[in-house]
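First comes the structure, then the notes that go with it.
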Amino acid sequence: MKSLKIQKNTISIKHNPYIIVEACVNHQGDIKIAKKMIRAAKSLGAHCIKFQHHIVDEEMLTNNIPKSKNFDLTLEEVIEQTNFTLNQHKELKQLCNQIGINYLCTPFSIKAADELESIGIKAFKTGSGELTNFPFIQHLAKKGKPMIVSTGMSKKNEIKETVRILKKYSTPFALMHCVSAYPCPYEIMNLNYIEELINDYKVPVGLSCHTPTIYNSFGAVSLGASLIEKHFT
């Protein structure tokens with residue numbers, strides 16, 4: 001069974017679970033709130049806080065975007081209101097370094113990944129929607145940095161192909177079991193799939209959990225999860 005090293009943290013079934021708090025866009029685009037979240041995450045004992053880096057024109061078509069029923073604005077408008085500049089990400093990363101919590105950020109395009117690399121990011125976390133974006137996965141894999149890969153909405157053959165690419169470039173990685181529902185009903189969490197991923201790939205496997213409580217995280221760890229990611233406000 002392989003382990004994964006991110007900065008000073010070793011991630012494996014033999015270590016305490018690596019805890020990622022997902023800041024997402026819950027800072028509402030306010031860097032003061034984001035810094036407050038970093039300090040709160042550190043005080044709670046999390047190993048890592050994760051943000052997102054979007055470049056809208058690189059990741060989506062921007063004409064006639066439909067609105068989601070639970071938003072008053074289009075996705076493009078939400079991203080524009082909540083997105084940080086690269087310099088702001090650099091500022092957040094510096095704060096993380098100062099207080100001793102890992103900074104992680106999810107890119108959603110090749111250009112976003114390259115920009116994050118330019119500020120010294122130590123690892124990449126990919127969202128479930130990018131699992132089958134094979135040119136993107138390959139671009140990240142070639143960088144040789146540790147990767148944490150979410151698997152929501154995927155089929156077994158899709159996970160297998162993504163893993164094949166990562167192994168081709170000898171990229172150290174972990175997989176995250178994930179059900180892409182917000183919030184996720186408990187009855188469709190399918191936690192037993194964690195054991196299946198561990199048995200199939202012999203790498204650290206975690207849970208990216210969208211339920212409103214922490215109980216599924218306890219269940220995931222009892223099944224062998226080495227990482228836990230929870231949304232954070």
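The values are calculated or read from the model by the stated rules, or taken from the named source; none is laboratory data. What you see is a predicted model, and the numbers here were worked out from it, not measured in a lab. Every residue, glycine as well, gets a Cβ built from its backbone with ideal geometry; the counts of neighbours run over all protein chains shown. Surface areas here come from the heavy atoms of the whole protein model, side chains and all, with no ligands, DNA or RNA. Shrake-Rupley method; radii C 1.70, N 1.55, O 1.52, S 1.80 Å.
Brief remarks on what is shown
- Low-density loop cleavage sites - trypsin sites (Lys or Arg not before Pro) in the stretch 143-233, where at most 12 other Cβ are within 10 Å (DSSP): Lys155, Lys202
- Under 17 Å from Lys142, Cα to Cα: aspartates and glutamates that are on another chain or at least 8 residues apart: Asp114, Glu115, Glu117, Glu130, Glu161
- Equivalent ellipsoid semi-axes - Cα gyration tensor, the stretch 74-193, angstrom: 25, 19, 15
- Scaled against the 2.2 N^0.38 Å expected of a compact globular protein of N residues, the Cα radius of gyration of the chain reads 0.96.
- Straightening the chain between Tyr169 and Ser12 buys 54.4 nm, computed as 0.36 nm per residue apart minus the Cα-Cα spacing.
- Evaluating kT/(6 pi eta Rh) at 25 °C and 0.890 mPa s, with the Kirkwood radius of the stretch 187-233 over Cα pairs in the Stokes-Einstein relation, gives 226 µm² s⁻¹.
- Those residues of the stretch 117-139 whose amide nitrogen sits under 17 Å from the label point placed on Asn97, 7 Å along Cα→Cβ: 117-124
- Between Met153 and Ile65, the C-beta separation translates, for a Förster distance of 25 Å, into a calculated FRET efficiency of about 0.80.
- When only the Cβ of Lys, Arg, Asp and Glu is charged (+1, +1, -1, -1), the dipole of the chain relative to its Cα centre reaches about 1040 debye.
- Here the relative contact order of the chain, from alpha carbon pairs under 8 Å that lie six or more residues apart, stands at 23 percent.
- Accessible-area value, Val163, 1.4 Å probe, nucleic acids and ligands omitted, Å²: 10 Å²
- Cβ charges +1 (Lys, Arg) and -1 (Asp, Glu), total dipole of the stretch 113-233, debye: 400 debye
- A prolate overall shape is assigned to the stretch 26-89, the ratio a/c of its alpha-carbon gyration tensor axes (a ≥ b ≥ c) being 1.5 or greater and a/b exceeding b/c.
- Pairs beyond 28 Å (Cα-Cα), from Lys67/Lys122; Lys145/Lys230; Lys67/Lys156: Lys67/Lys122; Lys67/Lys156
- Charge dipole (the chain, unit charges on Cβ, about Cα centre) - positive-most of Gly152, Ile49, Thr10: Thr10
- Three semi-axes describe the equivalent ellipsoid of the stretch 1-63; taken as square roots of 5 times the Cα gyration tensor eigenvalues and ordered largest first, they are 28, 19, 8 Å.
- Dipole of the stretch 1-111, positive end: most advanced residue of Met60, Val21, Ile99 [Cβ charges, Cα centre]: Ile99
- Straight Cα distances below 15 angstrom link Lys32 to the aspartates and glutamates Glu91, with same-chain residues fewer than 8 positions distant left out.
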